[in-house]
Every structure is written in C-alpha cells, then in structure tokens.
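The next block holds one structure in the form of structure tokens; read it before the comments.
The values are calculated or read from the model by the stated rules, or taken from the named source; none is laboratory data. Source: prediction; values computed, not measured. Positions of Cβ are backbone-derived with ideal geometry, glycine not excepted, and every protein chain shown enters the neighbour counts.
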Amino acid sequence: MLYMKVTAAYAKANLSELLKAVERGEQVTISRYRKPVADLVPSAEATKPARKFGTGKGLNLVIDPNWDKAIETQEELEAFLRGDA
C-alpha cells in the first residue's frame, strides 16, 4: 500500500485528487501544523470493480472435454467432493 502525507490546506484544495488516490489503494494522512490529524483510507463498504469479460485472454486454460459428464457412482461423487476428480 502506498502512503502519502499532505497538509490540511493541500487536502482542502485537492480533495478529489486525494479520493482518487485512495480508490487506487493509497493511504493519505492529513496533517495540521505538522501533526497528523486524519487518515483517508478505502472504506470497508467500497465494492470491488466488476470483472471484465476477456481478462483471461492469453492464459493457457484447458477445459476438460468431459466437463458435463454425469456423476454415476458413489465413488465418483466422493472423489469429486474430495477434489480428486
């Protein structure tokens, strides 16, 4: 996480810029008379950006050709639930 210190006067004049920095994951400490007064950090309620279609492009992903095969036996089911299948 990046860390930035600014004065209260700078924060007042550049709040939108500081909020963009916080959205990028930076932490901003605002000081008055060289004493830290407040921290701007991402909100716990901030949502993650939605996934974008096509972000796996270029990755070597292989899909099992039998991905839709039905589980027919109890042994196959148990192997699937263990993560062996």
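Considering segment 1-83, the qualifying helices (runs of 4 or more DSSP H), each wholly inside and each with 2 or more residues that are in contact with a Leu (Cβ under 9 Å, 6 or more places away or on another chain), run over 8-13, 15-23. Taking every residue in segment 62-80 that is among the aliphatic types (A, V, I, L, M) and pairing it with any residue that is modelled with pLDDT under 90, at least 6 positions away or on another chain, the pairs with Cβ-Cβ distances below 7 Å are 71/80; 79/85.
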